[in-house]
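Engineer: Encoded as structure tokens, here's the structure I'll be asking about.
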Amino acid sequence: MTAFSLEPARLAWCAELRALAAERLRPLAEKGDPGRVNRALVAELGALGLLSRLFTSGAFDLCLMRESLAHACTEAETALALQGLGAHPVHAHGTEAQRARWLPRVSDGSAVAAFALSEPDAGSDAAALTLAARPDARPGTPSGGRSGWRLTGEKCWISNAPEADFYTVFARTTPGAGARGVTAFLVPADRPGLTGTPLDMLSPHPVGTLAFDAVPVTGDDVLGEPDRGFRVAMDTLNLFRPSVGAFAVGMAQAALDATLAHTAARDAFGGKLRDLQTVAHQVAEMSLRTEAARLMVYAAATAYDEGAPDVPRRAAMAKLLATETAQYVVDKAVQLHGARALRRGHLLEHLYRDVRAPRVYEGASEVQRGIIAKELYRALDATTEEAGS
């Protein structure tokens, strides 16, 4: 079996996912209001057992889910992904009580999760977070000890805000400590002092800001350990970055499939579009890049599942290549379809809008290049030190 070729059972599962997305999820997506959480769609993802698989599957199967759903219904793919992104820190780093309270509700689609990392001045530089978690010494605690914190500040560009039921929030507990002074908190949406405002974005799902006005949190709300929240964030992103690439590959494949059908049927210049060498070569390039991106995504997911030491580099490479590839493929597909592709409601008009954001969120393409270079030089330095010892 060649590398990353799928066995029959997985191929059948992917086909089943594409069919479910087209037959059961897309009709619900079309009834949703743009910019709002589509709770009926989230509930159906839960009823189909797909949300529970977020917590039982490895990175490879997560990528297959996201790629397959994206091929037929990007809204369903995004709804599933945002549930995973917001709830994975609870699954991987939460206490038994936190998991028992929230994960069953995330799995059945009755609770909506969100991942609150970005800030107005700290989007790509996650270590520069300024949302402050100040000690809250309350009367009656032993020796006036710290029983919790108060969160004060703002988060921005948060998917599912302000409509989520809980947020995984990253706040600075130790000033001046960079990445080592950040703590992850599980913050229910009904905490006093927490408010949100929707943003009018080029996005089918809600994106908003969150304002924290002395929001109370305690040790029971910490995910992982105090001052170790950056690890929680990076662990989550290392898992989800390859699957963002899978989302992009699904969109690229959908655009490629549409282009193959169109160029094979469209009459032009005394023949079919497919007979023009310039068209045929563009289609070949679209296919080449899509397959290369798919293989890199699968390689990164496999590395994550096997606990390989180079996961950050591979995850960054997979997200970078796949999202940039999808942008290229969808743009070429629009060009080959002509004006019809820009008509509201056309598949490619939809993909053209959806394909842009993944190059920005969960670390922009420029950030991924920085991670790749940093990891390469780190490996070089380690090899040099080992050789000199």
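The values are calculated or read from the model by the stated rules, or taken from the named source; none is laboratory data. All values derive from a computational prediction rather than experimental measurement. Note that each Cβ is placed from the backbone with ideal geometry, even for glycine, and that neighbours are counted across all protein chains shown.
Residue by residue, here is whether (1) touching a His at 6+ places or on another chain (Cβ under 6 Å); (2) of a type outside the set (K, R); (3) at pLDDT 95 or above; (4) farther than 21 Å from L202 by Cβ holds:
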site	(1), (2), (3), (4)
P309	no, yes, no, yes
A322	no, yes, yes, no
Q327	no, yes, yes, no
D331	no, yes, yes, no
G338	no, yes, yes, yes
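Engineer: Here is a follow-up. Can you find a residue in region 54-76 that is aromatic (F, W, Y), farther than 25 Å from L202 by Cβ, surrounded by fewer than 24 Cβ atoms within 10 Å (Cβ to Cβ) and in contact with a His (Cβ under 7 Å, 6 or more places away or on another chain)?
Structural biologist: Scanning region 54-76, I find at least one residue that is aromatic (F, W, Y), farther than 25 Å from L202 by Cβ, surrounded by fewer than 24 Cβ atoms within 10 Å (Cβ to Cβ) and in contact with a His (Cβ under 7 Å, 6 or more places away or on another chain), so the answer is yes.
Engineer: If a residue must be closer than 17 Å to E67 by Cβ and either surrounded by fewer than 18 Cβ atoms within 10 Å (Cβ to Cβ) or in the same structural domain as M65 (by TED's automatic domain parsing) (or both), how many such residues does region 300-309 contain?
Structural biologist: Number satisfying all stated conditions: 1.
Engineer: Here is a further query. Looking only at region 359-369, decide whether some residue is crowded, with 18+ Cβ neighbours inside 10 Å and within 25 Å of L288 (Cβ to Cβ).
Structural biologist: yes
Engineer: Moving on. Take L320 and decide whether it is assigned to a helix (DSSP H, G or I) and crowded, with 17+ Cβ neighbours inside 10 Å. Full working, then the answer.
Structural biologist: On the way: assigned to a helix (DSSP H, G or I): yes; crowded, with 17+ Cβ neighbours inside 10 Å: yes.
When the stated conditions are applied, L320 passes them.
Engineer: Under 19 Å from A246 (Cα atoms) and more than 17 Å from the chain's Cα centre (by Cα), is that true of A364?
Structural biologist: No; evaluated as a whole, the condition is false for this residue.
Engineer: Please enumerate the residues belonging to region 161-184 that are within 19 Å of the chain's Cα centre (by Cα) and assigned to a strand (DSSP E or B).
Structural biologist: From region 161-184, those within 19 Å of the chain's Cα centre (by Cα) are 161-170, 184; that's our starting set.
If the condition is that a residue be within 19 Å of the chain's Cα centre (by Cα) and assigned to a strand (DSSP E or B), then F166, Y167, T168, V169, F170, A184 are the ones that fit.
Engineer: Within region 10-17, is even one residue closer than 22 Å to G345 by Cα, assigned by TED's automatic domain parsing to the domain that holds A76 and crowded, with 16+ Cβ neighbours inside 10 Å?
Structural biologist: Here is the first cut: in region 10-17, the ones closer than 22 Å to G345 by Cα are none.
For region 10-17, residues closer than 22 Å to G345 by Cα, assigned by TED's automatic domain parsing to the domain that holds A76 and crowded, with 16+ Cβ neighbours inside 10 Å: absent.
Engineer: Confirm whether D220 is in contact (Cβ under 8 Å) with a residue 60 or more places away in the chain and out of contact with any strand residue (DSSP E or B) (no Cβ under 8 Å at 6 or more places or on another chain). Step through it out loud before you land on a result.
Structural biologist: On the way: in contact (Cβ under 8 Å) with a residue 60 or more places away in the chain: yes; out of contact with any strand residue (DSSP E or B) (no Cβ under 8 Å at 6 or more places or on another chain): yes.
When the stated conditions are applied, D220 passes them.
Engineer: Mind telling me which of the residues L11, L41, L50, L80 ends up being without any contact (Cβ under 8 Å) to a residue 40 or more places away in the chain, part of a loop (DSSP other than H, G, I, E, B) and on the phi < 0 side of the Ramachandran plot?
Structural biologist: On the way: L11 fails: part of a loop (DSSP other than H, G, I, E, B); L41 fails: part of a loop (DSSP other than H, G, I, E, B); L80 fails: part of a loop (DSSP other than H, G, I, E, B).
It is L50.
Engineer: Step by step: first the residues of region 111-169, then only those that are modelled with pLDDT under 95 and of a type in the set (S, T, Y), then the one that is nearest to E75 (Cα to Cα). Which residue is that?
Structural biologist: Filtering region 111-169 for residues that are modelled with pLDDT under 95 and of a type in the set (S, T, Y), the one nearest to E75 (Cα to Cα) comes out as S118.
Engineer: Now for a different question. How many residues does region 332-348 hold that are surrounded by 16 or more Cβ atoms within 10 Å (Cβ to Cβ) and charged (D, E, K, R)?
Structural biologist: Looking only at that region, the number is 1.
Engineer: In region 335-377, how many residues are over 20 Å from Y298 (Cβ atoms), in a helix (DSSP H, G or I) and in contact (Cβ under 8 Å) with a residue 60 or more places away in the chain?
Structural biologist: Looking only at that region, the number is 12.
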